[in-house]
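Here's the structure we're looking at; comments come further down.
The values are calculated or read from the model by the stated rules, or taken from the named source; none is laboratory data. Remember, predicted model here, so these are calculated numbers, not experimental data. Backbone-built Cβ (ideal geometry, glycine too); neighbour counts: all protein chains shown. We work out accessible area using only protein heavy atoms, side chains counted, and drop any ligands, DNA or RNA first. Shrake-Rupley method; radii C 1.70, N 1.55, O 1.52, S 1.80 Å.
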Amino acid sequence: MSIRVKIVSVITLISVVIVIFGIGTGMVFVQGNLEKSIENDMTAVADVSDKLITTAINLLKADASIVVQRLYEAPPEDCYRILRRETEAYNNFIAMTVFNRDGIAYSYGIQNTHGVSTAPEELVNNKYVQRAFDGETVISTTYVNASGRLVFYLCIPMGEQVLCATVPGTFFSDIITDFKIWETGNIFIVDAEGTILANIRKEWVTERYNFIEKAESDEQYSRIAATIKHMIAGETGQGRFAVGGVERMCIYKPITGSKVGWSLGVVAPIVESPLSNVRRGLVIVAAVCVVLSIAAAFFASVPILRPYKTISDLLASLEGQEKLLYTINDAAATLLRVEADSFEGDILTCMGAMAECAGVDRMRVWRNYSEDGRLYCTQMYEWSGDAESQVGKDITINISYDEHLPGWENTLSSGHTINGFVSNFSPEEQEQLRPQGILSMLVIPVIFHRRFWGFVGFDDCHTEREFTHDEENLLR
């Protein structure tokens, strides 16, 4: 045997030993660490999902609290009119009912294909309504109402009464339905009894599946029932069970914003996990070094990050809306408590809080007046951050709509907003706005007693941008 053949044989033998040892060691190392990584990533998705659902619950409560405040301050004869107006104004509420301890005081519901979804009279004795009478704000489990529609009831104390806002039973399913883990993994929510409140499988929600109850008569549901029992006990952890004959991993935790024992689970088939892909990859590349197997594990973890990033982006948007909503509510509360001698200082403080939350450099209030049959506007109040103040300048006093702001009178008096880049405005508008350093702006009309009283302007002097539809609605 020649030296060349011996060298080739030794190198080949050493290579085979290294590959076998590397594959074996790599399989043990990668499997253990990747399982831990998958668990950690699914836990991160569960944490973000918890924040998403909690934000949605808090937004519902904030909207209903605004209705309660308006009803509480209104004279009795105006309450039904206000209830009707507010029900039609909030898309997330399909009906509202005010209870006293004897029953329904008054209610209003939007007519749809399911009929009217106002709360039934007997709901006054429901445990969630009773908790609201005791001072708690709670959201119920799902119920099938008299018209056959699945609904939640958001119960908020209102002095000696309780407001019950009816929320569609698919509300939370609609929030989570677009988020998938790997290929078919998803998020689900259960109440304190283990009933499914939200999931991509609509029949589980509409038929109010309860696997704990199903397990009492069918053994195939025993493992998923055991996991849900841990969930309704308020625990955080991991479970494994089969659905449709497919083994699945589940990470579960209580929902922070729920005060009635709700929990959520992030569940996905193990066969779709990166771990399975890595195992198959290690077998295929058995003649390749361990470095490639580690690289495969690294790339296999990428699919888990995709739903995490998507939910994080949606949460950031909902949190931004929630922050702006609470800032507006705080400003309203401040103005309700203001004294005459401190009015101007307090209104400027509130304007500053709203402007900073909206991310603008300047916020101003303009008032209209008429002279010789023409409409003019003059700046009344201004808050400026990182922009030059325009207080007292000629360009903010006695401004003619016809000459300097053509089209604004018709647009604003009809209740519409003006939103966009100043560079896209007419030459007359640019001549009025550019000297003030404005790059983009949102103008919201002020309609008082059905009269075009003036407008509120939000100026961005550093960035060209369009304000979102949600920002417009919240700032109105």
*Would you kindly identify the strands (runs of 3 or more DSSP E) lying entirely within the stretch 122-222 that contain at least 2 residues that are open to solvent by 10 Å² or more (accessible area, probe 1.4 Å) and under 23 Å from Gly109 (Cα atoms)?*
150-158, 161-168
_Residue among Ser258, Ser276 that is assigned to a loop (DSSP other than H, G, I, E, B), at pLDDT below 95, among the polar types (S, T, N, Q) and open to solvent by less than 50 Å² (accessible area, probe 1.4 Å)_ = Ser258
*Answer with yes or no whether Asn58 is open to solvent by 10 Å² or more (accessible area, probe 1.4 Å), touching a residue at least 60 places away in the same chain (Cβ under 8 Å), closer than 23 Å to Val205 by Cα and not small (Gly, Ala, Ser).*
yes
*Name the residues in the stretch 223-250 that are in a helix (DSSP H, G or I), open to solvent by less than 50 Å² (accessible area, probe 1.4 Å) and within 21 Å of Asp50 (Cβ to Cβ), would you?*
Ile224, Thr227, Ile228, Met231
*Any chance the stretch 184-197 includes a residue that's within 30 Å of Tyr80 (Cβ to Cβ) and not aromatic (Phe, Trp, Tyr)?*
no
_open to solvent by 10 Å² or more (accessible area, probe 1.4 Å) and either at pLDDT 95 or above or outside any loop (DSSP other than H, G, I, E, B) (or both): is that true of Thr43 in this structure?_
yes
*Within the stretch 79-104, tally of residues that are loosely packed, with under 14 Cβ neighbours inside 10 Å, touching a helix residue (DSSP H, G or I) at 6+ places or on another chain (Cβ under 6 Å) and either of a type in the set (Lys, Arg) or over 13 Å from Ala119 (Cα atoms) (or both)*: 0
_Top-ranked residue of the stretch 379-412 - restricted to ones that are more than 25 Å from Leu348 (Cα to Cα) and among the small types (Gly, Ala, Ser), ranked as farthest from the chain's Cα centre (by Cα)_ = Ser400
*Here are some conditions: (1) assigned to a strand (DSSP E or B); (2) within 26 Å of the chain's Cα centre (by Cα). Ser117 meets all but one. Which one does it not meet?*
(1)
*Those residues of the stretch 70-90 which are touching a residue at least 40 places away in the same chain (Cβ under 8 Å) and aliphatic (A, V, I, L, M), in sequence order*: Leu71
